[in-house]
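The values are calculated or read from the model by the stated rules, or taken from the named source; none is laboratory data. If you're wondering where the values come from, they're calculated on a predicted model, not measured in any experiment. As a convention, Cβ positions derive from the backbone with ideal geometry for all residues, glycine included, and neighbour counts pool all protein chains shown. What goes into the accessible areas is simple: the full protein's heavy atoms, side chains included, and nothing from ligands, DNA or RNA. Shrake-Rupley method; radii C 1.70, N 1.55, O 1.52, S 1.80 Å.
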Amino acid sequence: MKTQIFIDGAYVAPTSGATFDAVDPSNNTVFHQVPRGDATDIDKAVKAARRAFDEGPWPRMSGAERAACLRRMGDLIAARTDALARIEVQDNGKPLPEAVWDIEDTAGVFHFYADLAEGLDGHEQNVPLGMEGFTSKAVKEPIGVAGAIIPWNFPLLMASWKVAPALAAGCCMVLKPSELTSVTALELGEIANEAGLPPGVLNIVTGFGPEAGQPLTEHPLVDKLAFTGSVPTGSRIMATAARDIKAVSLELGGKSPLVVFADTPVEEAVEWILFGIFWNQGEVCSATSRVLIEDSAYEAVMERLVTEARKIKIGHGLDEGVLLGPLVSKSQHDKVLDWIETGKREARLVSGGGIPAGLEDGCYVEPTIFADVPEDATIWTEEIFGPVVCVKPFKTEEEAIRLANDTRFGLGAAVMSKDLERAERVARAFRAGIVWVNCSQPTFTEAPWGGYKQSGFGRELGEWGLNNYLETKQITTWDAHRPWGWYIKE
């Protein structure tokens, strides 16, 4: 595990020499010291990225040349899957099978954007014009230096969602991981060097938001900011970026609905309700934390849901069969427990709500289910970001759509029904950027990811993720063999 930040192709100590604790949430013990970068380190990193972009080879390489480097990075990540996954279990708390899945997906993201980088070669669009004598084409170019700030729930995977498309486009980047889960992100520096990435193309500075994140968003040499995290922080980043008219993409919070119609088999409904909220301990921005069940099926689904939730094995992420690990930190643990206490005053607690017996030393919370939740309850309207699901019945399709859309968020939404025409109709009616039919949470590198309303704007993944880091330039040419003749007459 690395003990230095990564700037201009080398691991270096932060200017202050300071570090901070990496804490294992399974037992709240310190397992590593992370370098604590600050504004001086951010300045060095941004200037290294600027030099690499303005003077270095990376933006001037062909897409195929960049693709070869990205592909090697993906291969090197894949070769380190077990080691990286085990670090993430220790740093984040998630069960090992989930961590392995994340790292495998991370390698896949680099491979995917390697393919898209190749597709940039010779990609010019001829633009038909309405005036004889002119020809025009649109070309795509890298936007410049990108700053990326990533969250703690999928540490290396969220880094790849920003790093891989930015590098594929020809950008240079400064990455600021969350201070809660910084360890695997620092490994990307070594991987980049082994893959042959030129110095300065990728820089990684770990540290706290006010000390490192804010200076990154404010730096005048940064052309583009990409952020995943909370709505309040996203709002501050937007305001800061406005001063220099920086390009911004934001993926923020969510309070996503899952609508279950009565024709859905109970077992299928329960499986996806569980996966939609308890996967990754519910620390998922798109988690379907508001479940709406058609009233004729409500009691049957609720009974099975409670039964199956109580079977979920809770414990250390490396233990066999564990499907729910600790929350990421003591502070997050306390926040979720506070939300549960609020929920007890607002709705009916039917399962969970406490700390599992024997696991009091860690940041564990039982899978928690609230029933008959009023639509004005704060646990129904606010993001909890933990293993807590709110459930209520509905009578009609129209009511379900109204309740689903009655939120300031719009990241994800899901609908379950054997009537696929109805499911499609409801999916179209949702005001959300990601909609699942007869499932919840599957995420594919090829498909666009992003939200409506206060869940942010811009799209990651797929070709849309690459476009985040590209500018479009018009090049229009006049036929020099023809006189223009506006001022000078022959």
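For the stretch 283-315, taking the residues that are part of a loop (DSSP other than H, G, I, E, B) and of a type in the set (V, I, T), the one that is surrounded by the fewest Cβ atoms within 10 Å (Cβ to Cβ) is identified as I312.
In the stretch 228-241 there is no residue matching the filter, namely being closer than 24 Å to V30 by Cβ and among the basic types (K, R).
Filtering the stretch 226-255 to residues that are farther than 17 Å from P215 by Cβ, touching a helix residue (DSSP H, G or I) at 6+ places or on another chain (Cβ under 8 Å) and β-branched (V, I, T) leaves only T228.
Across the stretch 342-366, the qualifying residues are those that are outside any loop (DSSP other than H, G, I, E, B) and out of contact with any strand residue (DSSP E or B) (no Cβ under 9 Å at 6 or more places or on another chain), and the one among them that is least open to solvent (accessible area, probe 1.4 Å) is T342. Of the residues contained in the stretch 124-131, one or more are found to be surrounded by fewer than 19 Cβ atoms within 10 Å (Cβ to Cβ), modelled with pLDDT of 95 or more and β-branched (V, I, T). When L318, L324 are checked against the criterion of being in contact (Cβ under 8 Å) with a residue 24 or more places away in the chain, surrounded by fewer than 20 Cβ atoms within 10 Å (Cβ to Cβ) and in contact with a helix residue (DSSP H, G or I) (Cβ under 9 Å, 6 or more places away or on another chain), a single residue qualifies: L318. Condition check for N280 on (1) in contact (Cβ under 8 Å) with a residue 40 or more places away in the chain; (2) surrounded by fewer than 16 Cβ atoms within 10 Å (Cβ to Cβ); (3) in a helix (DSSP H, G or I): one failure, at (2).
Being outside any loop (DSSP other than H, G, I, E, B), charged (D, E, K, R) and surrounded by fewer than 24 Cβ atoms within 10 Å (Cβ to Cβ) is the filter; apply it to the stretch 232-277 and report the residue that is farthest from the chain's Cα centre (by Cα). Going through the qualifying residues, I end up with E267. Take the conditions modelled with pLDDT of 95 or more, touching a Ser or Thr at 6+ places or on another chain (Cβ under 9 Å), within 30 Å of A357 (Cα to Cα) and among the β-branched types (V, I, T) and apply them to V23. Does it pass? In short, yes.
Of the strands (runs of 3 or more DSSP E) contained entirely in the stretch 1-90, those carrying at least 2 residues that are at negative phi and surrounded by fewer than 22 Cβ atoms within 10 Å (Cβ to Cβ) fall at 10-12, 19-24, 29-35. Scanning the stretch 447-463 for residues that are of a type in the set (D, E) and farther than 15 Å from L157 by Cβ yields one hit, E463. Just to verify a result, which residue in the stretch 150-170, among those that are over 19 Å from A85 (Cβ atoms) and in contact with an Asp or Glu (Cβ under 8 Å, 6 or more places away or on another chain), is surrounded by the most Cβ atoms within 10 Å (Cβ to Cβ)? Out of the qualifying residues, it is P165. Quick check on the stretch 207-221: of everything there that is more than 15 Å from P151 (Cα to Cα) and assigned to a loop (DSSP other than H, G, I, E, B), which residue is most open to solvent (accessible area, probe 1.4 Å)? Here the residue is P220. Residue count for the stretch 91-117 under the criterion of being assigned to a helix (DSSP H, G or I) and either touching a His at 6+ places or on another chain (Cβ under 7 Å) or under 26 Å from F31 (Cβ atoms) (or both): the result is 14. Among residues belonging to the stretch 278-323 that are of a type in the set (V, I, T) and either more than 26 Å from the chain's Cα centre (by Cα) or at pLDDT below 95 (or both), point out the one that is nearest to S351 (Cα to Cα). Across the stretch 278-323, the extreme among qualifying residues is V306.
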